[in-house]
Structure formats: structure tokens, C-alpha cells
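Worksheet: the structure to be examined is printed underneath.
Throughout, read-outs are computed from the coordinates displayed, never taken from laboratory work. Computed from a prediction, not measured in an experiment: that's the story for all the values here. Cβ sites come from the backbone with ideal geometry, for glycine too, and all protein chains shown count toward neighbours.
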């Protein structure tokens, strides 16, 4: 198994990078690495599994503002 970065814990969500062969779902190929998101408050709760390409697309969308309309309050404008 390759070395994986430490989990990221932010806003009650844990994001982990795991070996792709350790993913317990088999509906798609995960490759060498997969990304897992889960609630920090519920260890036994659901987990979301993403391929690296899916995760990269999600992060790019966040940076591009694709999900800003989902915010309750608009973030302050950056000058």
C-alpha cells in the first residue's frame, strides 16, 4: 500500500485518501487511490467514495464557484 496523506477534518466532515483496492463498492474502478467523505460525528454513518478524477472535478467546481448558489449567505466579496 502506498503512503496516503493524513485525513482532513473540516466543518464536521472527514476526508480520507485510501488505497483504491480497499474501497468496499465494486460498481466502478477506483485505480490506485480513492477519496472517502464521511461525517465526523457519526463513525458508522454513510461514506461517499470518489475516484481521483471525480474528486479533482469536484474541487475544481468548488474553486470555480459552481456550488455558490447552494450557500445560505453569500460570502463577502474579495477585493
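Report, to two decimal places, the Cα Rg of the chain normalised by 2.2 N^0.38 Å (N = number of residues).
Taking N as the residue count of the chain, the ratio is 1.27.
So how much slack lies between residue 72 and residue 42, counting 0.36 nm per residue of separation and subtracting their Cα-Cα distance, in nm?
Result for the pair: 8.4 nm of gain on full extension.
If I fit a long axis through the Cα atoms of helix 52-63 and take the longest principal axis of the Cα atoms of the chain, what angle between them do I get, 0 to 90°, rounded to 10?
10 degrees
Which residue, 69, 19, 43, has the most motion in a Gaussian network model of the chain that connects Cα atoms within less than 10 Å?
69
Using a Förster radius of 25 Å, what is the FRET efficiency between residue 27 and residue 60 based on their Cβ-Cβ separation? Nearest 0.05, please.
With a Förster radius of 25 Å, E is 0.60.
Show that you can apply the helix-only estimate: for the chain, add -39,500 (n - 2.57) for every DSSP H stretch of four or more residues, divide by all residues, and state [θ] at 222 nm to the nearest 500. Intermediate results must be reported in sequence, preceding the final value.
On the way: 1 runs with 12 residues, N = 79.
About -4500 deg cm²/dmol.
For the residues 33, 47, what sequence is obtained by ranking on other C-beta atoms within 10 Å, fewest first?
Values: 33 18, 47 14.
By the 10 Å Cβ count, ascending, the order reads 47, 33.
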